[in-house]
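Comments concern the structure below.
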Amino acid sequence: MRTWLPLVIVVALISLGLWFTESPSEQLLGKRPTQQEHSKAADLIIRDARTRHFSLEGTLAYEVDAERVTFFQFARRDRADLTEPRMVFYQGEDTKWRTESHTGVAYDNGQKVELEGDVSIMELPQPGITLRTEKITIKPREEFAETDKVVTITDGANRTTGKGLRADLKQDKVEILSNVESSYEPR
């Protein structure tokens with residue numbers, strides 16, 4: 001029995017130390033969070049999340065997956081912070097577009113998604129066109145994307161840059177709004 005006592009004491013001290021380092025100081029002092037602090041807290045955190053969204057006809061419209069989703073529910077709307085989000089849009093049973101970025105924020109149950117940080121939108125199957133920008137807003141249910149940032153579109157060796165973009169992914173229409181410069185290589 002004596003040989004176990006030091007081990008139990010060491011484990012108890014380590015557990016107590018971890019509890020103190022992981023607990024917020026307000027909790028240790030017995031303070032309760034204010035309503036404003038409480039409403040800032042995440043309602044749900046999901047790791048390796050994957051969702052599927054279907055059209056009114058019941059066909060797969062798009063998929064979203066992310067390394068981490070942190071969901072917040074507020075009085076007037078909801079928000080989901082996305083880490084490493086990827087979206088794949090379908091036309092019929094074929095994949096048509098794929099998006100990737102470092103971060104994203106989805107609002108109002110995914111009605112609007114703002115992607116940020118090395119955003120790319122690739123036409124599938126590759127090789128196809130690839131759009132790159134630092135920030136873009138996507139309305140997934142409408143398959144519509146827009147930004148006021150600089151955009152680069154590549155198609156093989158061909159390259160077009162400009163400021164601002166509107167893209168109807170369903171119709172395969174892309175419009176660069178200003179300062180357009182292109183370089184083409186004949187085949």
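Values in this text are rule-based calculations from the coordinates and carry no lab data. Quantities reported herein were computed from a predicted structural model and do not represent experimental measurements. So basically every Cβ, Gly included, is an ideal-geometry build from the backbone, and we count neighbours across all protein chains shown.
Exposure here means at most 15 other Cβ atoms within 10 Å; with chymotrypsin sites (Phe, Trp or Tyr not before Pro) in a DSSP loop as sites, the longest stretch of the chain lacking them is 75-183.
When Asp118, Asp81, Asp94 are sorted by how many other C-beta atoms sit within 10 angstrom of their C-beta, beginning with the fewest, the order is Asp94, Asp118, Asp81. Ordered by the count of other Cβ atoms within 10 Å of each Cβ, fewest first, Asp65, Asp48 give Asp48, Asp65.
Structural descriptor for the chain: relative contact order 10 percent, calculated from alpha carbon pairs under 8 angstrom and at least 6 residues apart. As a proxy for reagent exposure, ranking Arg76, Arg50 by other Cβ atoms within 10 Å from fewest up yields Arg76, Arg50. Net charge of the neighbourhood of Asp48, taken over other residues with C-beta under 11 Å away and scored Lys/Arg +1, Asp/Glu -1, is 0. On the basis of the beta-carbon distance and an R0 of 30 Å, Ile46 and Lys135 show a calculated FRET efficiency of 0.80. Shape class for the chain: prolate, because the ratio a/c of the largest to smallest gyration tensor axis (alpha-carbon atoms, square roots of eigenvalues) is 1.5 or more and a/b beats b/c.
For the chain, leaving out every one of the GluC sites (Glu not before Pro) that falls in a DSSP loop and has at most 13 other Cβ atoms within 10 Å, the longest unbroken run is 1-56.
Classify the stretch 108-165 from the C-alpha gyration tensor, please: rounded if a/c falls under 1.5, else prolate or oblate depending on whether a/b exceeds b/c. Verdict is oblate for the stretch 108-165.
Angle of helix 4-22 to the longest C-alpha principal axis of the chain, folded into 0 to 90 degrees and rounded to 10: 50°.
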